[in-house]
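A short worksheet on the structure shown next.
None of the figures in this text is laboratory data; all of them are computed from the coordinates on show. It should be emphasised that the depicted structure is a prediction, and the values quoted were computed from it without experimental measurement. As a convention, Cβ positions derive from the backbone with ideal geometry for all residues, glycine included, and neighbour counts pool all protein chains shown.
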2 protein chains.
Amino acid sequence: MRTSQYLFSTLKETPNDAQVVSHQLMLRSGMIRPMASGLYNWLPTGVKVLKKVENIIREEMNKGGAIEVLMPVVQPAELWQESGRWQDYGAELLRFTDRGKRDFVLGPTHEEVITDLIRREISSYKQLPLNLYQIQTKFRDEVRPRFGVMRSREFVMKDAYSFHTTKESLQQTYDVMYQVYSNIFNRLNLDFRAVQADTGSIGGSASHEFQVLAQSGEDDVVFSTESDFAANIELAEAVAVGERSQPTKAMELVDTPNAKTIAELVEQFNLPIEKTAKTLIVKGATEEQPLIALILRGDHELNEVKAQKHPLVADPLEFADEATIKAKIGAGVGSLGVVNLPIPAVIDRSVALMSDFTVGANIDGKHYFNVNWERDVALPEIFDLRNVVDGDPSPDGKGTLQIKRGIEVGHIFQLGTKYSEAMKATVQGEDGKPLVITMGCYGVGVTRVVAAAIEQNHDERGIIWSSDEIAPFTVAIVPMNMYKSESVQQFAEELYHTLQSQGVDVIFDDRKERPGVMFADMELIGVPHMVVIGEKNLANGEIEYKNRRTGERQMIAKDELLAFLKENVKA
Amino acid sequence: MRTSQYLFSTLKETPNDAQVVSHQLMLRSGMIRPMASGLYNWLPTGVKVLKKVENIIREEMNKGGAIEVLMPVVQPAELWQESGRWQDYGAELLRFTDRGKRDFVLGPTHEEVITDLIRREISSYKQLPLNLYQIQTKFRDEVRPRFGVMRSREFVMKDAYSFHTTKESLQQTYDVMYQVYSNIFNRLNLDFRAVQADTGSIGGSASHEFQVLAQSGEDDVVFSTESDFAANIELAEAVAVGERSQPTKAMELVDTPNAKTIAELVEQFNLPIEKTAKTLIVKGATEEQPLIALILRGDHELNEVKAQKHPLVADPLEFADEATIKAKIGAGVGSLGVVNLPIPAVIDRSVALMSDFTVGANIDGKHYFNVNWERDVALPEIFDLRNVVDGDPSPDGKGTLQIKRGIEVGHIFQLGTKYSEAMKATVQGEDGKPLVITMGCYGVGVTRVVAAAIEQNHDERGIIWSSDEIAPFTVAIVPMNMYKSESVQQFAEELYHTLQSQGVDVIFDDRKERPGVMFADMELIGVPHMVVIGEKNLANGEIEYKNRRTGERQMIAKDELLAFLKENVKA
């Protein structure tokens, strides 16, 4: 491609409204342009990357035995009513009526459509297992679209759905998909973690998120420094190791009129924060026990997903209001504690190991100092209630935990029978009786992968493509003052034609621009290999080569250039 | 691909509701399944064909210098309001509101979106010409979706838009696109015609439709037997050759009480139909002349598109009602004619050559026989008013016209400044002044191409793919009784692996089915090359080969099979 005949559209300035690097660079490099809130046009440079990512995903899915289909964007409401999600999905599900006043949705996902297809198409256990995928446009009416294509309303997704007669068969395909996803993100050369994820309200037995590590990520990813343990923060188990120390001081009731928070308490009384405990009051799961106290170390954060799994705690978790607390316990939220508490308490594992610690006294303006379990108060039920923190021991006993920000680019999920039961998708089993199909689903946010790759790999000059395979162009030919030098022009044109004929995805900067502008543009869009042709070098039989990733420059003998590129261009 | 691990889904019976062959065969071969009215799921066999067609189109568009982009399916109403089509487009434009109550449409086409993109992206004449395309899902809320994916509501389209500073530049790109489209349909090996088409209300100066010839087509395609003249029926010029004969009989007023139609008149009075003329009354373009008579030979059909181009005739054409006609002329529609007619008449070219002909007398129940121009009535204005018929002379003077049914699969169009003017898309011209951009647009109905290819190429056994390049699989391996013959199984498995490793798109029928079922299925989905492996043949060192297109069978020496396939498989 010649830049003069291309819609190149790079920008020198960073647009004001772009908050994250990938959004800024996708705008600056001319990959995307906003059309309306959460809706983007993909310009040529963007489409080239997008299609390359799509093809890698397609190839790896095919290798994994998945079969491509294509389902409509527009889906009839009846299917969503059948699954129950017409009611449950909320305002992100865009609903509309057609000219005949029938209800439809713009598909944010395709469980309903494919379950409907399969229940009509598949009748016998002999036809299973089956794993079908599509690469297709989806729509989610985000309340606050942001970060460019990372959280847009319209996006491209690869979604796959597998169908089985047994859980073992589902597990097999799930394992294959885990490997396929690992292959995809390894082939894209991204630093990612496959983390255990919460299966949440969908039920289902197993789920992994594929997270690309990047500072701007919206998720916290937890992983061990020494093993392959990885989980998202909601799920990562917090273990407490060691023994509880013996009491050393007597319990004491202290006036703390100005300490309404742990921070104030710690500051005013010069206490180590890990010797304090905070008490959070949440609604109970039953009417008999309408309030439950959750107790954590002062420096720890409550993990709501974990807490709501406790049988005494209402799911979803809901905090009690101040008036209710005051009425029941007789003190405000700044003075609560486990001593003389009139409601059931659940304590975090770390709290169980504390000694000589400080808690609210359930009397406004007072705390108990030097509390000790069993001596001063009975040990309540122990549960994993908190978010892990950097340096916590890994739950598998190997190494310690690190927490990094991640961008979720893939998610695999054992759905079980949620949709097949609701939609009566059965096959005839081996025994001749109807058998409810067991399902898995597997998604990759294709447009989001493009953004995540940039978010993880860039520098002050622009995008660095993690793999030559997804660079919009692999080789840039940058001739210096071509329109004043016949030898430069001739060599550049010949090189362009030769590389094109070899199938190399080459961009030839034939604009009448200063070399500095050309270099900046090629580095901005991240072309991995740059060939700079100058008149003097050429006269010496040399060509300058610059590697975008390493930043290294070197001179290559003219006659060895093609061999050098063949050796170094990996796409 | 092994059939046992594939969603094969062929049907023995032809579904009742499928009226055209392509729809029947796409259902029977397991290419598509209906989800709702005008909405289809594409099963694996269908997707394979669809993606191959997409890739051919993409390759040829790229060769023609067009550049791929991707625009959203969901488009803001503001852009359609700006172009005026929010009002004009009618109920096929699906409109809806998002969660913020803003108006949007599901894009049936993208002129507005791309004009908006270009007016923001392009500022100088130096950046033009530019030709951008996308391959993307579109939606048109058809009042009566039919013929499967041929006229569905959701469909895949390749749409391109070009941008220019001059008409000459537009013409250049238009010519390139004409050639690109010809290349695409030639590469698909389809029998098609590029026909001149009416530019209609959009204005614009030139337009060609690409029509695949097939009996079930909804359009009439006219072309010369001896030249490359081709036009759609709306546009094809009807020429009248020869001289008018001299009058031979005296004009006569005849009672024709039971002849209200040309058919009745011809039958009751034994007249040659080409010696009769019919008179149609339409609304005039001005209030001064509210009614206009259009006069055609009894055996000819009015061409409404041509008629409404006449300056006296209202555009769009509208027939006058019976009461108005009676009030003005004094006779009913069965007795109208050009003699003593109180309103202006326009006659078709053929009518001008008639002599001794019969017309209504403008008196109920009476006709004039043996009317002659100039002797009995002045010659009115002559105009091309009729549809051409088979055997008419070609307007270019070479050969005669043939009419066949066609399926419109592509359309290229010189839009001019319709959208750029309405949406104020200008660039700075060479003289520094703003210049309204000139546009062209170029569409291929990708999903429709698949149906049209089948509509044109099939037999009683199923689909015949016009080119190996778009067959879902190019080679079928059909082993006979594989599970009872180790040698058959071993050879089949080895062949499968070898072909796969060579990149051949091979399907291996490893089902435990009777050979007849396998043959029927492979012929139904139209695999062009079938390799049949039988135990006896194998023992003789031979493999049976069957060609789907020619139906020919031949024995190939086992050792020559790979070379034979390499020679004959064209994809």
_Per residue, how big is the convex hull of chain B when only Cα atoms are used? Give it in Å³._
215
*How many times 2.2 N^0.38 Å is the alpha carbon radius of gyration of region A:105-242?*
1.22
*Going out from 0 in 20 Å bins, what whole percent of all Cα-Cα distances in the protein assembly as shown drops into each bin?*
10, 31, 32, 19, 7, 2, 0
_Skipping prolines and chain starts, which residues have an amide H placed within reach, meaning under 5 Å, of the one on B:Leu130, given they are 5 or more residues away or on another chain?_
B:Phe163
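For every helix of n ≥ 4 consecutive DSSP H residues, a contribution of -39,500 (n - 2.57) applies; sum these over chain B, divide by its total residues, and give [θ] at 222 nm rounded to the nearest 500 deg cm²/dmol.
Details: 16 runs with 150 residues, N = 571.
Using -39500 (n - 2.57) per qualifying helix, the result is -7500 deg cm²/dmol.
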*Assuming R0 = 60 Å, can you tell me the calculated FRET efficiency for the pair B:Glu381 and A:Asn568, based on Cβ-Cβ distance, to the nearest 0.05?*
0.20
*Between the alpha-carbon centers of region B:308-329 and region B:460-498, tell me the distance in whole angstrom.*
64
*What nm distances, shortest first, do you get from the label point of A:Thr166 to those in the other copies when the point sits 7 angstrom along Cα to Cβ?*
7.5
*For region B:11-140, compute Rh as the Kirkwood radius over C-alpha pairs and then the Stokes-Einstein diffusion coefficient at 10 °C and 1.306 mPa s; write the answer in µm²/s, rounded to an integer.*
89
_Rh by Kirkwood over Cα pairs, then Stokes-Einstein D for region A:452-515 at 0.890 mPa s and 25 °C, µm²/s_ = 184
*Would you mind checking the tilt of helix A:446-456 against the longest principal axis of the Cα atoms of chain A, expressed as 0 to 90 degrees and rounded to 10?*
90
_I'd like the Karplus ³J(HN,Hα) series for region B:268-275: coefficients 6.51, -1.76, 1.60, θ = phi - 60°, whole numbers in Hz, and an x wherever there's a Gly or Pro._
6, 10, 6, 9, x, 4, 6, 9
_Rounded D (µm²/s) - region B:34-74, Kirkwood Rh over Cα pairs, Stokes-Einstein at 20 °C, 1.002 mPa s_ = 172
_Computed FRET value (nearest 0.05) for B:Ala285 with B:Asp191, which takes r as the C-beta separation and R₀ as 30 Å_ = 0.15
*asked:* Suppose we look only past 16 Å in the calculated P(r) of region B:475-568. What percent of the Cα-Cα pairs does that tail hold?
replied: 50
_In region B:1-53, the trypsin sites (Lys or Arg not before Pro) that fall in loop regions by DSSP, at most 13 other Cβ within 10 Å_ = B:Lys12
*Go through region B:477-571 and name the GluC sites (Glu not before Pro) that are in a DSSP coil and have 11 or fewer other Cβ atoms within 10 Å of their Cβ.*
B:Glu552
*Taking a ≥ b ≥ c as the square roots of the eigenvalues of the Cα gyration tensor of region A:368-494, is the shape rounded (a/c under 1.5), prolate (a/b larger than b/c) or oblate?*
oblate
*If you project the alpha carbons of region B:252-383 onto the principal axes, what extent comes out on each, in Å, largest first?*
38, 30, 25
*Kindly express, to the nearest 10 degrees and within the range 0 to 90, the angle between helix A:167-187's C-alpha long axis and the longest C-alpha principal axis of chain A.*
50
*Compute the Cα gyration tensor for region A:183-263, then decide on rounded, prolate or oblate, letting a ≥ b ≥ c be the square roots of its eigenvalues: rounded whenever a/c is under 1.5, prolate when a/b is larger than b/c in the other cases, and oblate in all that remain.*
prolate
